[in-house]
1. All but one of (1) within 28 Å of Leu27 (Cα to Cα); (2) more than 22 Å from the chain's Cα centre (by Cα) hold for Arg69; state the number of the condition that does not hold.
2. Of everything in segment 116-139 that's at pLDDT 90 or above, open to solvent by less than 50 Å² (accessible area, probe 1.4 Å) and among the hydrophobic types (A, V, I, L, M, F, W, C), which residue is farthest from Pro100 (Cα to Cα)?
3. Considering segment 132-154 alone, what residues qualify as being over 16 Å from Thr77 (Cα atoms) and aliphatic (A, V, I, L, M)?
4. With Pro142, Pro100 as the choices, which residue is at pLDDT below 95 and open to solvent by 70 Å² or more (accessible area, probe 1.4 Å)?
5. Anything in segment 145-163 that is open to solvent by 40 Å² or more (accessible area, probe 1.4 Å) and among the small types (Gly, Ala, Ser)? List them, or say none.
6. Among (1) open to solvent by less than 80 Å² (accessible area, probe 1.4 Å); (2) over 30 Å from Arg30 (Cα atoms); (3) at pLDDT 90 or above, which single condition is Leu94 missing?
7. Counting just the residues of segment 103-115 that are modelled with pLDDT under 90 and over 15 Å from Pro72 (Cβ atoms), which one comes out surrounded by the fewest Cβ atoms within 10 Å (Cβ to Cβ)?
Amino acid sequence: VAAVWKDRVAEKRRTASYVTCVGDKPLMERAEMMESLFGLSVRPHDLLPDWLREETGEMSYDLLEMLQRRPPLWLRTSHSTVDKAISRLADEDLTAEAFPALLGAMRLVPTRVNLYESATFKAGLVEIQDLGSQAIGAACSPAPGQRWWDACAGAGGKSLQLASMMNEK
């Protein structure tokens, strides 16, 4: 029992070491760390299905690296308050960039932030909403007084966006 317990503790320490050291390291470095800590030899192409390796060849490594990156964190605000929201976020040492092709859309840089603790977020100046979802709302182009049904039934982001675009009418 003591030997099993000792092995489990050692495994937990190796896992904790791996998790705390990984960060945003490239995939090849992560694979090397897994091999040194756990004795697992994982080649990046082992992580891809056969059909993708056949289709992409060497590009598959670049694709894997891209898939390991954190996606952008997109925010939405009323287009009349974009500058205000960016300024307020800057006061909190957060950098947001307006997305000129879509009014009210902003990208937060960097993405590793707890936005729920942000005074700007708490004040309701920004909402977290993916760029694709924002584009759908813009494509609807709602007018005040119209009725819309948000059939996506998620957290209500598109409903809030439509209401904002309709001047709450």
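1. Only one criterion is unmet by Arg69, namely (2).
2. Ranking the candidates gives Phe121 first.
3. Those that are over 16 Å from Thr77 (Cα atoms) and aliphatic (A, V, I, L, M): Ala139, Ala143, Ala151, Ala153.
4. Answer to the check: Pro100.
5. Those that are open to solvent by 40 Å² or more (accessible area, probe 1.4 Å) and among the small types (Gly, Ala, Ser): Gly145, Ala151, Ala153, Gly154, Ala155, Ser159.
6. In the conditions (1) open to solvent by less than 80 Å² (accessible area, probe 1.4 Å); (2) over 30 Å from Arg30 (Cα atoms); (3) at pLDDT 90 or above, Leu94 misses (2) alone.
7. Looking at the filtered set, the residue picked out is Asn114.
Every residue, every condition in (1) of a type in the set (Gly, Ala, Ser); (2) outside any strand (DSSP E or B), yes or no:
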| site | (1), (2) |
| --- | --- |
| Asp93 | no, yes |
| Glu97 | no, no |
| Ala101 | yes, yes |
| Tyr116 | no, yes |
| Thr120 | no, yes |
| Leu125 | no, yes |
| Gly132 | yes, yes |
| Ile136 | no, yes |
| Ala139 | yes, yes |
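The values are calculated or read from the model by the stated rules, or taken from the named source; none is laboratory data. All figures in this text were calculated on a predicted structure; none of them were measured in a lab. Counting neighbours? That spans all protein chains shown, and the Cβs are built from the backbone with ideal geometry, glycine included. All accessible areas refer to the heavy atoms of the entire protein, side chains included, with ligands and DNA or RNA removed. Shrake-Rupley method; radii C 1.70, N 1.55, O 1.52, S 1.80 Å.
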